[in-house]
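Engineer: One structure, as structure tokens, below. Some questions next.
The values are calculated or read from the model by the stated rules, or taken from the named source; none is laboratory data. Here the structure is a predicted model, which is why all the values come from computation and not from measurement. FYI the Cβ positions are ideal-geometry reconstructions off the backbone, even for glycines, and counts take in every protein chain you see. Just the protein is used for accessible areas: all its heavy atoms, side chains included, with ligands, DNA and RNA removed. Shrake-Rupley method; radii C 1.70, N 1.55, O 1.52, S 1.80 Å.
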Amino acid sequence: MTATVAGLQPVALPDPDRPDAGLILASLWHTEGPEQQQKVMSGVMDAWEEAPLPAAYLARHCLAGSDGRTILNFAQWTSSDAHLAFAADPRNQQILGSAIQALYSADPPGRYAPHRFEGRHDGAARYFTATWYDTEDAGTARSLADELAERDSADPASAVAVAEYFYVGEDGRQLLVLAGFEDEPGGASLCFRPFRGLARSAR
């Protein structure tokens, strides 16, 4: 797809803090290597671009892991209820579910609510890291997010990040932290580069 269709357009960079997103879907997929990684990401995005999507759909991105195998899937919807209604429709299960399962056998993604955003430095986030923390409940997850967000900007963990985004699992058992970087971060940590995305323009 090369042009806007029904208000959607292909975009490279995700907007993790878009204000109209009430639900975040995120998961990691592990492929056999760069060839399969590219094939799966291309096939998944092709399927989404060809599917009839409701107004509650906001964006979906595939991000390529620096190890040449891992894929970070990141999607945004207006609300949890809207996504559940879409996912429960047998027509959507047939169109999208079958197409994706033919490429990769995956468990359902994690479901998260946006909690807060912390800008660190000026610049556009072009690379990302993703960190999951196990928590006892939603209150614990939010407290941990606030503690991480408010740490000193001189802390090595946040010194080079452009921004950090904090999402609390719907069941309260996980905190997801995305950190965005203008340049590829050094070190041995796995990072993700946006590959393809399909987004609705923010209002």
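Engineer: Quick one: Cα convex hull volume of region 160-203, Å³ per residue?
Structural biologist: Details: hull volume 6.4 nm³, N = 44.
Each residue corresponds to 146 Å³ of Cα convex hull volume.
Engineer: Same structure again: Tilt of helix 138-149 relative to the longest C-alpha principal axis of the chain, in degrees (0 to 90, nearest 10)?
Structural biologist: It works out to around 60 degrees.
Engineer: Got a number for carbon plus sulfur as a percent of the chain's accessible area, 1.4 Å probe? It would help to have the intermediate numbers written out before the result.
Structural biologist: Working: 5020 of 10170 Å².
Taking all protein chains in place, the chain shows 49 percent carbon and sulfur surface.
Engineer: How high is the relative contact order of the chain? Use alpha-carbon pairs under 8 Å, at least six apart in sequence, and give a whole percent. Write down the numbers at each step before the final one.
Structural biologist: Values: 407 pairs, mean separation 63.9, N = 203.
Once divided by the residue count of the chain, the mean separation gives 31 percent.
Engineer: Tell me, what ³J(HN,Hα) does each residue in region 82-92 have, in order and in whole Hz, if you take phi through Karplus 6.51 cos²θ - 1.76 cosθ + 1.60 with θ = phi - 60° and put x for Gly and Pro?
Structural biologist: Couplings: 5, 5, 4, 5, 5, 5, 7, 6, x, 5, 6 Hz.
Engineer: Normalising by the residue count of region 94-203, find the relative contact order in percent from Cα pairs under 8 Å and 6+ residues apart. Don't jump to the answer; show the numbers that get you there.
Structural biologist: Working: 175 pairs, mean separation 39.6, N = 110.
Contact order relative to length: 36 percent.
Engineer: Top to bottom by accessible area (1.4 Å), largest first, where do 11, 160 land? Let's see the in-between values first.
Structural biologist: Values: 11 45, 160 100 Å².
Order by accessible area, largest first: 160, 11.
Engineer: Within 10 Å of each candidate Cβ there may be at most 12 other Cβ atoms; applying that plus a DSSP loop requirement, which chymotrypsin sites (Phe, Trp or Tyr not before Pro) in region 66-123 survive? Could the numbers behind the result be given before it?
Structural biologist: Values: sites: 74, 77, 86, 104, 112, 117; in loops: 104.
Filter output for region 66-123: empty list.
Engineer: Taking one equal scatterer on every alpha-carbon of the chain, how large is log10 of I(q)/I(0) by Debye at q = 0.11 1/Å?
Structural biologist: Each listed q corresponds, in turn, to -0.50.
Engineer: Express the accessible area of region 1-160 per residue in Å², computed with a 1.4 Å probe while the remaining protein chains stay in the model. Working shown, then result.
Structural biologist: On the way: 8260 Å² over 160 residues.
For region 1-160, the solvent-accessible area averages 52 Å² per residue.
Engineer: Over the residues of region 90-203, compute the C-alpha Rg and express it relative to 2.2 N^0.38 Å.
Structural biologist: Numbers: Rg = 16.5 Å, N = 114, 2.2 N^0.38 = 13.3 Å.
Normalised by 2.2 N^0.38 Å, the Cα Rg of region 90-203 equals 1.24.
Engineer: Another one. Quickly estimate the mean residue ellipticity at 222 nm for the chain, helices only: each DSSP H run with n ≥ 4 gives -39500 (n - 2.57), and the total goes over all residues, rounded to 500.
Structural biologist: Working: 4 runs with 44 residues, N = 203.
The helix-only estimate for the chain comes to -6500 deg cm²/dmol at 222 nm.
Engineer: Would you kindly work out the equivalent ellipsoid of region 63-140 from its C-alpha gyration tensor and give its semi-axes, the square roots of five times the eigenvalues, largest first in whole Å? Walk me through the numbers on the way to the answer.
Structural biologist: Details: eigenvalues 142, 77, 38 Å².
Over the Cα atoms of region 63-140, the ellipsoid semi-axes are 27, 20, 14 Å.
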